[in-house]
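Okay, so here's the structure we're looking at.
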Amino acid sequence: MAVMSSAVTNPHQFLQAQNRWHWIEVAFWLATLLPFVLTPSYLSLASQIAITALFALSLDLILGYAGIVSLGHAAFFGFGAYTAGLISKWGWGEPLSGLLIAAFSAAVLGYLMSFIIARFRHLTLIMMTLGLGLLLFEVANKASWLTGGADGLQGVHMWPLLGMFRFDLYGYTAYTYALIVLFLLFLLSRRLTNSPFGLALRGIRENLTRMRAIGATSRSHIRTVYTISAAIAGVAGGLLTQTTETVSLGVVDFQRSADVLVILVLGGAGRLYGGLIGAIIFMVARDQFSGINPQYWYFPIGVLLIAVVMFLPNGILGGLARLVASWRSRSQ
Amino acid sequence: MSTPVLSTRGLDKNFGSLVVAKDIEIALPKGVRYALIGPNGAGKTTLINLITGMLQPDVGQIFLGDEEITRLGPEQRVRRGLVRTFQINTLFPNLTALEAVTLAVCERRGDAKTWWRPITAYGEVLDEAYSILTSLLLAPVCNRPTRELAYGQQRLLEIALALATRPKVLLLDEPAAGVPRDESSELFAAITSLSQDITVLFIEHDMNIVFKLASRIIVMVGGRILVEGTPAEIAADPRVREVYLGGAHHG
């Protein structure tokens, strides 16, 4: 890659080539339609994967691009999930508007928290996100009159999507819905990361001192991306509620925050597709391994995680990219 | 005499009992090339940190033109035209040189908040970034990640990032630090060719370069300004000789 890129000196051409859709991307998105044909009995799992992928995408925006490590991102997922559930429980089961409200409420929570987040770095920041996540879990646990507590939120019932498509038992509507939302928000994230703002986020990740020295408004950038990320996580949570018609405390627990971090690190942070690939691997592995042994299915995930961070520091996608690059430079 | 572009009044800074700046008074007119010299530990970098807001003075005031900037954060000072480079490379390792300079231009123009337009839509920003890189001989490597650039090229990129902010005052902290003497000519050519609208204050240890580039020299010792004058005055000053020759055996 380095050899090729340095040969192209025109700055416009080079950046345009970077932002253009690659055929692999097109192939990837076409492949997301395969479950409809190949594994129609697994569409519920496919929709859970799409939702998890969206959640991982939201984390990638703050972690992969701006370098903000979070151990409490489930707070926004859970906030969106409960918001979507409560709206439905209180009598408004229209999915799209429910999802918008879930996004908005998670965005408000994210915006408020971003004022704290933007002030800290490193270990303090990680502990801060962890603390906020635990706080929200206990609030959801304690407020059982509102959330149903450990029993979960009962009485969620969704109206048909667009008034036409009922959420069926096979997950046909659920996967279609989750996939379209994932794709639209992926397009938005892709646009964001290719913008001047996306460049500024990478600058924050790379060197905050240098950002100050070029007069950058880093804190305001962090607040913006944190709010956007929270909104997307809220959409993912809302989707889970709407497609499963239940909300359990699991939407907001520490396990979910940890899982999504593992997923992103497995797939490769900072390249948008990392969270998507990671979600597929993680969810399929969980489905398969828990079929073999429901208690110890984290064991192989742990082995995989250790292997990836040892040998592929930029995740599976980072490893693949390096492989392609070395293959290309050899063939030249 | 018009107002100096950058001035300080009675700046003091202590780290505990260690005095790192004492009663610093400077006044830099527009377009002048100032060298800041002095033995190690004299407080040269501390003074740059105070002026740029990376450190807060205990006492004293800093003015950019007529405006007092003592309480402003470093970013706000940069946006007003007070810009520095670092003695130790402080760059974006995984951004290409072009991306880094483009980012600096975007921040200056206020475009960096825009997240719905692709960077490729900003033709004039890219052109400006590319022309800055061209002027510093970095155009051939502009699409390489910063971490892959040669050390001397990274020093030039330090200056490129500073120029992208369109400084009024440029503070260069040992711009050629670590660059072998025979390779530093590109760097000093770049500093010589800076616009005469920019006021430059640079820290440098090589006296040949100081006397070649500077129109005025400030000598610091022990956190204080010892003397300020033209290169000829400084060369003839017995106190400066005392500091440099008398202190030489301390290393």
### Query
Could you state the number of Å between the C-alpha centres of the stretch B:1-79 and the stretch B:112-172?
27 Å
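Just round it to a whole percent: the fraction of Cα-Cα distances in the stretch A:183-332 exceeding 26 Å.
Here the tail beyond 26 Å accounts for 41 percent of pairs.
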### Backbone HN-Hα couplings from phi across the stretch B:135-141 [Karplus 6.51/-1.76/1.60, Hz, Gly and Pro as x]
5, 9, 6, 9, 4, x, 10
### Task
Hey, can you find the accessible area per residue of chain A for me, probe 1.4 Å, expressed in square angstrom?
46 Å²
### Task
Pop out the carbon and sulfur fraction of the accessible area of the stretch A:37-253 as a percent, whole number, probe 1.4 Å.
69 percent
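If you count, for every residue in B:121-129, the Cβ atoms of partner chains within 10 Å of its Cβ, what is the mean?
Average per residue, whole number: 2.
Highest mean first, how do B:87-100, A:76-89, A:44-57, B:11-24 rank when packing is the count of other Cβ atoms within 10 Å averaged over residues?
A:76-89, A:44-57, B:87-100, B:11-24
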### Message
For chain B, give me the percentage of DSSP beta bridges that are antiparallel, rounded to the nearest 5 percent.
### Response
55 percent
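With the cut-off at 21 Å, report for chain B the share of all Cα pairs above it, as a whole percent.
Working: 18756 of 31375 pairs.
Every Cα pair in chain B considered, those over 21 Å come to 60 percent.
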### Task
Counting residues in chain A as N, plug N into 2.2 N^0.38 Å and put the Cα Rg over that result.
1.01
### Task
Take the protein assembly as shown, compute every pairwise Cα distance, and split them into 20 Å bins from 0; I just need the percent in each bin.
19, 43, 27, 10, 1
### Task
For B:209, A:281, give the ranking by accessible area with the largest first, probe 1.4 Å.
A:281, B:209
#### Entry: In degrees, nearest ten, helix A:298-311 long axis to first principal axis of chain A (Cα)
20 degrees
### Task
Please report how far the C-alpha centroid of the stretch A:190-260 lies from that of the stretch A:263-331, rounded to the nearest whole angstrom.
21 Å
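Given a 1.4 Å probe and no ligands, DNA or RNA in the count, how much accessible surface is buried by A and B, both sides, to the nearest 100 Å²?
Interface area, both chains combined: 3700 Å², rounded to the nearest 100.
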### Inter-chain shielding of A:184-196 (mean C-beta neighbours from other protein chains, 10 Å cut-off)
4
### Task
Partner chain Cβ atoms within 10 Å, averaged over the residues of B:208-220 - can you pull that number for me?
0
### Carbon/sulfur fraction of accessible area - the stretch B:3-149, other protein chains in place, 1.4 Å, %
52 percent
### Query
Considering only protein heavy atoms and a 1.4 Å probe, what is the carbon-and-sulfur percentage of the accessible area of the stretch B:178-251?
54 percent
### Message
Just to be sure I follow: if Rg is taken over the C-alpha atoms of the stretch A:227-288 and Rh is the Kirkwood radius over the same atoms, what is Rg/Rh?
### Response
0.97
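Whole number in Å², please: accessible area per residue of chain B, 1.4 Å probe, ligands, DNA and RNA not counted.
43 Å²
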## Note on the structure
Between the alpha carbon centres of the stretch A:124-187 and the stretch A:73-94 the gap in Å comes to 6 Å
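The values are calculated or read from the model by the stated rules, or taken from the named source; none is laboratory data. Only a predicted model underlies this, so the values are computations on that prediction, with no experimental measurement involved. Quick reminder, even Gly has a Cβ in these numbers, built from the backbone with ideal geometry, and neighbours come from all protein chains shown. Heavy atoms of the whole protein, side chains included, go into the accessibility calculation; ligands, DNA and RNA do not. Shrake-Rupley method; radii C 1.70, N 1.55, O 1.52, S 1.80 Å.
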